[in-house]
Amino acid sequence: MELLRFATAGSVDDGKSTLIGRLLYDAKAIFQDQLESVERTSLQMGNEYTNLALLTDGLRAEREQGITIDVAYRYFATPRRKFIIADTPGHIQYTRNMVTGASTADLALVLVDVRKGVVEQSRRHAFLASLLRIPHLVVCVNKMDLVDFDQDAYEKVKAEFRDFAMKLDISDLTFIPVSALHGDNIVERSPNTPWYEGTSLLHHLEEVHIASDRNLIDARFPVQYVIRPQTDEHHDYRGYAGTVVGGVFKPGDEVMVLPSGFTTTIESVGSGSSKGVVPVDEAFEPMSVTICLSDNLDVSRGDMICRPNNQPSSGQDIDAMVCWMSEVSSLTSSMKLAIKHTTRSARAMVTDLKYRLDIDTLHRDEAATSLGLNEIGRVLLRCTQPLFFDEYRRNRSTGSFVLIDEATNATVAAGMILGGGS
Amino acid sequence: MTVTPTSYELSHLGYLEAEAIHVFREVAAEFERPCLLFSGGKDSIVMLCLATKAFAPARLPFPVMHVDTGHNFPEVIEFRDRCVADVGARLVVASVQQSIDEGRVAEEIGPRASRNQLQTTTLLDAITEHGFDSLFGGARRDEEKARAKERVFSFRDEFGQWDPKNQRPEIWSLYNGRIRRGEHIRVFPISNWTELDIWQYIQREDLEIPAVYYAHDRPVFERDGMLLAESAHISLLPGEEVTSRRVRYRTVGDMSCTGAVESAATTIDQVIEEVSVTRLTERGATRADDRISEAAMEDRKKEGYF
């Protein structure tokens with residue numbers, strides 16, 4: 001069975017919790033004791049209806065204040081697929097949470113209230129989904145019951161959203177008219193929208209084609225860990241363990257190791273088993289495997305195995321979009337930070353803040369001198385060591401990095417590489 | 001791994017396995033003194049299997065630790081020792097009884113006494129004693145709502161505390177394991193697995209599990225809507241009556257606070273069928289320790305619990 005990870009974004013009022021509650025309930029992923037506990041708490045809090053948000057709001061402070069603080073992960077399955085939902089809150093720490101949830105998502109689900117149309121927040125959702133390059137975007141035009149399932153109202157919202165989305169780089173955009181409260185077009189196609197020719201939301205989630213989203217062309221294998229058993233039985237064994245983040249690796253392939261630039265061939269690809277290592281015919285993203293090379297080279301963690309005729313960029317200067325995530329500090333020019341990129345760790349200096357991006361208007365403020373919490377901007381970084389990278393638009397693994405404050409050890413930024421800097 | 005070479009697709013178990021192995025290797029590469037928590041329960045059996053695969057053909061590059069309350073199922077302890085010996089790992093046992101004997105904690109008294117809370121002190125003492133800077137745990141996000149919000153790399157301060165409101169953002173698969181001396185990271189490689197995934201993986205890998213997970217006849221009594229096993233570690237309240245029932249366990253913790261469920265499932269296939277259709281969560285059905293309040297798990301975790 002295939003796995004689909006999707007992120008949902010939205011505020012309390014747009015019916016997101018109701019929608020997730022509906023999906024989970026209909027997929028039988030809400031258990032009786034969970035529902036009873038939510039009903040009990042709703043009653044205690046004086047809610048008139050069973051507040052399904054309580055299912056995901058797990059922390060004491062969240063229940064007390066009626067807010068969602070953090071990304072919550074939910075799981076459900078249908079006979080077709082398994083799903084992991086990253087449910088990101090709409091109000092507090094909104095950008096930071098959505099970036100977190102979106103970073104691993106195959107699909108983003110955005111809700112728009114049909115009566116309100118495309119509001120500021122819908123634009124932000126769409127922008128972040130495109131910035132994080134989530135391959136599929138689904139817009140649920142919700143509360144259709146409140147406009148008597150009027151097709152014109154739906155088409156108007158759709159056109160409005162599409163207008164804005166044109167300015168962004170979104171490869172797959174789908175619209176579905178729904179009523180999360182009543183379940184229209186959630187699991188089954190609704191008789192209330194005979195004019196709608198698409199599928200229900202759940203059907204779409206089950207069928208959307210995600211296999212081709214992976215990069216099977218550019219072979220990339222960041223070495224994560226070197227396995228040397230140092231036992232009599234495996235005296236000369238030297239395996240390079242890691243996760244394939246692009247392309248296909250198989251025995252006999254000619255490969256190059258960076259930064260040394262030496263070429264050799266793959267002797268074997270294996271995956272661990274309780275009885276040692278079993279051979280794998282072909283390794284592809286996101287498999288965790290162990291590669292043995294024909295020649296004895298000096299290869300260590302942070303090195304990159306690729307192909308001689310298809311190498312990532314290599315350099316100490318990086319041009320990137322970053323999202324700043326710290327409450328206590330801001331990004332400024334000449335700041336020094338730790339950088340983590342694939343399995344490589346180094347230090348980086350901000351050599352230039354080119355602009356801060358207004359995510360509502362997409363306006364570039366070139367006069368900006370800092371990036372505060374939840375702000376996004378384009379920066380140039382100079383690293384202490386060369387990184388082996390691709391553009392984020394080409395590879396989400398070799399194109400992404402995080403920045404860490406060396407004094408507090410806090411993760412302060414997520415970065416998406418645009419190219420080499422100068 | 002289940003691989004369909006022509007389509008380059010990984011099954012959901014293959015995906016979850018790859019993600020967990022990546023996490024194991026990341027910790028082994030970045031930390032000096034990791035340790036794998038192991039109880040002999042089904043989640044830790046899967047964890048031990050994944051860890052073994054991550055470093056094959058080498059042995060585990062870290063020891064395995066069990067926090068033994070002294071109230072465990074005897075068959076689980078026997079199973080634990082066999083498993084650890086099989087993979088050739090070093091076992092560290094941190095004993096709650098010893099913490100009691102040394103006056104580090106006081107034993108609860110009365111018929112509802114449990115050593116569950118006491119484990120936290122024993123665990124934190126052992127972390128200090130051995131200088132562990134990272135501990136692998138088998139917690140899953142689907143188990144409990146506080147756990148649903150916890151990171152894969154979960155930071156603990158010098159008191160072992162978890163601060164749910166101040167967690168490090170975790171983006172892509174780039175984990176931040178930087179700590180200062182005295183702090184540590186709890187690492188949860190199977191965060192994204194569900195109870196059903198665990199059982200399907202046990203089936204796929206043909207892993208042996210303790211017999212208490214399968215239906216057997218056992219003297220039990222009912223308390224708070226759960227079936228608790230009769231044992232030397234728990235005394236009966238007035239009106240409680242021991243009867244023999246056909247039961248199995250969905251989780252395996254302390255005998256004093258882990259409930260059994262009535263079941264006829266004696267094979268892995270039957271267990272999977274049962275788990276697929278159950279209407280109760282694993283902890284809701286069987287764990288007295290989570291029933292204290294809505295935030296029982298969150299509160300224990302903040303103090304340094306698993």
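A few comments on the model shown:
- Just one residue in the set A:Val187, A:Val255 is in contact with a strand residue (DSSP E or B) (Cβ under 6 Å, 6 or more places away or on another chain) and among the hydrophobic types (A, V, I, L, M, F, W, C); that residue is A:Val255.
- Residue, nearest to A:Val269 (Cα to Cα), within the range A:210-238, restricted to residues that are facing chain B (nearest Cβ under 8 Å) and not in a loop (DSSP other than H, G, I, E, B): A:Ile227
- Flag if A:Leu146 is out of contact with any helix residue (DSSP H, G or I) (no Cβ under 8 Å at 6 or more places or on another chain) and in contact (Cβ under 8 Å) with a residue 12 or more places away in the chain: yes
- Conditions (1) open to solvent by 20 Å² or more (accessible area, probe 1.4 Å); (2) at pLDDT below 75; (3) within 9 Å of chain B (Cβ to nearest Cβ); number of the one not met by A:Glu2: (2)
- Within the range A:122-149, tally of residues that are outside any helix (DSSP H, G or I) and open to solvent by 30 Å² or more (accessible area, probe 1.4 Å): 4
- Restricting A:Leu59, A:Leu54 to those that are open to solvent by 10 Å² or more (accessible area, probe 1.4 Å) and at pLDDT below 80 reduces the list to A:Leu54.
- For the range B:7-25, the condition holds for no residue, the condition being that it is over 22 Å from B:Cys83 (Cα atoms), of a type in the set (Gly, Ala, Ser), open to solvent by 10 Å² or more (accessible area, probe 1.4 Å) and part of a helix (DSSP H, G or I).
- Among residues of the range A:101-121, those that are open to solvent by 10 Å² or more (accessible area, probe 1.4 Å) and within 13 Å of another protein chain (Cβ to nearest Cβ), counted: 2
- Within the range A:376-392, considering residues that are of a type in the set (D, E, K, R) and open to solvent by 60 Å² or more (accessible area, probe 1.4 Å), the one farthest from the other protein chains (Cβ to nearest Cβ): A:Arg382
- Count of the range A:270-308 residues which are at positive phi and over 31 Å from the mean Cα position of the chain (by Cα): 1
- Test: residue in the range B:284-297 that is modelled with pLDDT of 75 or more and either in contact with a Gly (Cβ under 9 Å, 6 or more places away or on another chain) or within 26 Å of B:Gln161 (Cα to Cα) (or both): yes
- Taken over the range A:393-422, the residue count meeting the criterion of being within 10 Å of chain B (Cβ to nearest Cβ), not in a strand (DSSP E or B) and not aliphatic (A, V, I, L, M) is 7.
- Output for the range A:364-378, where each listed residue is of a type in the set (Ser, Thr, Tyr) and part of a strand (DSSP E or B): A:Ser370
- Of all residues in the range A:288-315, those being at the interface with another protein chain (Cβ under 10 Å from one of its Cβ atoms) and more than 18 Å from B:Ala28 (Cβ to Cβ) number 0.
- Residue that is surrounded by the most Cβ atoms within 10 Å (Cβ to Cβ) [pool: residues in the range A:241-266 that are within 11 Å of another protein chain (Cβ to nearest Cβ) and in a strand (DSSP E or B)]: A:Gly242
- Taken together, the criteria exclude A:Val157 from residues that are assigned to a strand (DSSP E or B) and either under 20 Å from A:Leu201 (Cβ atoms) or open to solvent by less than 10 Å² (accessible area, probe 1.4 Å) (or both).
- Applying the condition of being more than 13 Å from the chain's Cα centre (by Cα) and open to solvent by 10 Å² or more (accessible area, probe 1.4 Å) to the range B:195-208 and asking which residue is farthest from A:Gly272 (Cα to Cα) yields B:Leu196.
- Checked against (1) under 22 Å from A:Gly21 (Cβ atoms); (2) more than 25 Å from the chain's Cα centre (by Cα), A:Leu201 passes all but condition (2).
- Residue that is nearest to A:Gly377 (Cα to Cα), among those in the range A:323-337 that are touching a residue at least 60 places away in the same chain (Cβ under 8 Å) and assigned to a strand (DSSP E or B): A:Cys323
- Candidates in the range A:85-94 are the residues that are out of contact with any Gly (no Cβ under 7 Å at 6 or more places or on another chain) and surrounded by fewer than 23 Cβ atoms within 10 Å (Cβ to Cβ); of these, the one that is modelled with the highest pLDDT is A:Tyr94.
- Residues in the range A:297-322 that are assigned to a strand (DSSP E or B) and open to solvent by 40 Å² or more (accessible area, probe 1.4 Å): A:Arg307, A:Ser313, A:Ser314, A:Gln316, A:Asp317.
- Any chance B:Leu123 is assigned to a helix (DSSP H, G or I) and surrounded by 19 or more Cβ atoms within 10 Å (Cβ to Cβ): yes
- Filter result for the condition that a residue is surrounded by fewer than 19 Cβ atoms within 10 Å (Cβ to Cβ) and more than 7 Å from every other protein chain (Cβ to nearest Cβ), over B:Val46, B:Val67, B:Val87, B:Val76: B:Val87
- Pair list, Cβ under 7 Å, 6 or more apart: the range A:383-412 residue free of Cβ contacts under 8 Å to residues at least 12 places away in the same chain, other residue of a type outside the set (D, E, K, R) and surrounded by 17 or more Cβ atoms within 10 Å (Cβ to Cβ): A:Asn409/B:Ile179
- Yes/no for B:Leu36 being within 12 Å of chain A (Cβ to nearest Cβ), in contact with a helix residue (DSSP H, G or I) (Cβ under 9 Å, 6 or more places away or on another chain) and surrounded by 21 or more Cβ atoms within 10 Å (Cβ to Cβ): no
- Subset of the range B:153-176 that is more than 7 Å from every other protein chain (Cβ to nearest Cβ) and hydrophobic (A, V, I, L, M, F, W, C) - its residue that is farthest from A:Thr411 (Cα to Cα): B:Phe159
- Residues of the range B:160-187 satisfying the condition of being open to solvent by less than 50 Å² (accessible area, probe 1.4 Å) and within 23 Å of A:Arg396 (Cα to Cα): B:Arg168, B:Pro169, B:Glu170, B:Ile171, B:Trp172, B:Leu174, B:Tyr175, B:Asn176, B:Gly177
- Per-region count, the range B:74-109, residues touching a residue at least 24 places away in the same chain (Cβ under 8 Å) and assigned to a helix (DSSP H, G or I): 11
The values are calculated or read from the model by the stated rules, or taken from the named source; none is laboratory data. This one's a predicted model, so the numbers in the text were calculated from it and none came from an experiment. Using ideal geometry, Cβ is built from the backbone for each residue, glycine included, and neighbour counts are taken over all protein chains shown. In case anyone asks, the SASA skips ligands and DNA or RNA and just uses the protein heavy atoms, side chains included. Shrake-Rupley method; radii C 1.70, N 1.55, O 1.52, S 1.80 Å.
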